[in-house]
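Heads up: the structure comes next, in structure tokens.
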Amino acid sequence: MYYEKKAVIQHQKGIHTRVAAMIVQKAHEFNMKYQTSIFFRYKDREKILANSLMLFCSLRIKAGDEVWVIGSGNYAELVVEQMVAFLESDFHLDNAETISKVDKLLQDNSFTAEQIFNSMANGLMVSDENDLVTIFNPAAEGILGIPASAVIGKKVYDVIPNSRLHLVNRSGIPELACKQLIGNSSTITNRTPVIIDGQIKGAVAIFEDISALEKVTWELQEIKELKERLQLILESVQDGICVVNKDGCITYVNPAYLRIVNQQYEELVGQNTKEISPQGARSTVLSSGKQILSNISQKSNGVTVVANVNPIIVDGELTGVVSVVKDITEVHSFMEKLNHISAKAEYLEQELWRTKKPNRAFEHFIGRSGKVLDALAMATKAAEGSSNVLIRGESGTGKELVAEGIHYASVRANGPFIRVNCGAIPTNLLESELFGHEKGAFTGAIRRKLGRFELANKGTIFLDEIGEMEKSMQVKLLRVLQKKEFERVGGEVTIKVNVRIIAATNRDLEKMLISGEFREDLYYRLNVIPLLLPPLRERKEDIPMLVEYFLDKISRELAKPPKSIKSDALAVLMQYKWPGNVRELENMIERMVTLTEGSSISAKHLPSYLKEELLLEKKEQNNFITDDIVLTWNEYEKLIIRLALGKYGSFNSAGKALGLTHKTIAAKAKKYGIEKTVSW
């Protein structure tokens, strides 16, 4: 509710300070009691709130003046009527409590001129009609560097040599906004005469030290010039620059950015990246506060750009991001080729580290036994065609050497020969290794990677330990065998390859077909040309040739004098069953060359386990079970574990043969102090 009414002041002294305090106190009481605000309007001035004593006193209301009282609230009319009645009264107070409140209000709102002058931030100097300084406040002391005691009562021009205050005192003409240098301080000064009843009674100077302001102005000018230079640079560079504020709104783009994205300034500035590209690099940096470098993306117009996006940090707070982009559309194809070459180079580097020189044809497959000659004859015929080959044989029989020989003896010899150990690569990574992946296909895929099949194009890929491949991967491999095509992980483009596949395994694939561990269709696709490599125990006639070859080869590699082997040592080697095949033999020869002193190796230099194994085998064959001797259960168990480890060479293989887990075999071997027979 809004209500107003005019009051005529009857008090003969008008509204002086004490009366004004009484009115303000009354307005405060009305407001607290009725929750109604009261305003006063005097003549043509703006209305003021009734609880402001200083403003009310400044109105200088005299007896007979009219004052409009305005109320705002539910009880506006009641409050206004009571206030008008109070204004038109003689303002007599007989209540001690009310008088006390009025006095306190007067005390709280009273300021002396001295307090006001001392509180001023500007310097104040006042002189009388005789040019004597009468007022010199603390701010003036600080600006001019002169204490008030040295100025008060002195002539202005004596204490302030370049002062013009005495001239204003003479002329009566104000001097406003005058710049003046006083000591090391630059000041701006207003000088005005004090005129009372038409007579000049002195002069007032109010001045402010603007030295800091001038310094800031100069610095701002330098900043302005720097900004203009930077703006010119931003407008001239060929890299696109986009600035985004902390809310994600685009605030600036340079002409190069507009050219790259093929858009107009009005179309971009003001757009919010959180809306137009919520998963983009700029939004990501705004959220994380961490820079993103070399981020490749494709714009809506088909342009491929690489961007460096950095957070803008001011006083430790994120205030936005700046993105610098380059158009790489023209070089994108070159990057693809470079990526392809780099992938090949990376693989070749690994191959060079793996072996000093490549094996060619079958010259490094040592052996002249019948089974070896049959296998190599079959391999030679297989090299003449392009059919898939499946090489079977125990671990260490030389399956990789034969696969490599088939490749280098074929028409694909000038193409790549790519090796993949299917058993050594985790199942979740095998697909990516074989077929490659696109950038972003999964966590950690920071760039496109070419798969082994793509690297083997126009060459041969050797899939070792194919029997260890999971059935889920067998399906995907089957498609490559059938259609010679695949897609990278996370990709949509079908890639065709011309690759010959040579697979190898030491597993019984036929049993795996029955148990369902291996796909029948994949088996027949791989087993076009089967090759079976004999274990070393089935071609013992090759052992002398292999021993001489490894002695010569290892002595040269280790830069040691060549050694020979004596007949007693060779006899032991011929009798041993070699569960690790040629690889175990090679490792044993390397150990002998390294550790044996002298120029020859005899039976005494051979590992003790090898000789003990032969003796134990003979003894156990004679004494394992007799009619008159029954051993304890632990003794039988010890003999069985020892035989199994001697024959199969590992806890895992021995466990499979005995129908036990490898952990059980390891625990039993530790219990009985049996060492497994392994190659070094």
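Every number here is computed from the coordinates shown, using simple stated rules; none is lab data. Predicted model only: the values in this text are computed from it and were never measured. FYI the Cβ positions are ideal-geometry reconstructions off the backbone, even for glycines, and counts take in every protein chain you see.
Quick notes on this one:
- Charge dipole (Cα centre; +1 on Lys/Arg Cβ, -1 on Asp/Glu Cβ; no other charges) of region 237-327 amounts to roughly 240 debye.
- Here the calculated FRET efficiency for E541 and L293, from their Cβ-Cβ distance with R0 = 51 Å, stands at 0.20, rounded to the nearest 0.05.
- Calculated Rg and Dmax of the Cα atoms in Å (choose from (i) 39.5, 117; (ii) 51.5, 151; (iii) 26.1, 81), label: (ii)
- Per residue, the average separation of C-alpha pairs within less than 8 Å and at least 6 apart gives the chain a relative contact order of 7 percent.
- Estimated at 0.36 nm per residue, the fully extended path between L513 and K671 surpasses their Cα-Cα distance by 53.1 nm.
- Normalised contact order of region 226-350, rounded percent, pairs of Cα under 8 Å and 6 or more residues apart: 22
- Computed packing ranks the peptides 245-254, 195-204 as 245-254, 195-204, most packed first, by mean other Cβ atoms within 10 Å.
- P(r) tail fraction, region 498-602 - alpha-carbon pairs more than 18 Å apart, %: 60
- Taking all Cα pairs closer than 8 Å and separated by 6 or more residues, the relative contact order of region 409-530 comes to 28 percent.
- Difference of contour (0.36 nm per residue) and Cα-Cα distance, N272 to E214: 16.9 nm
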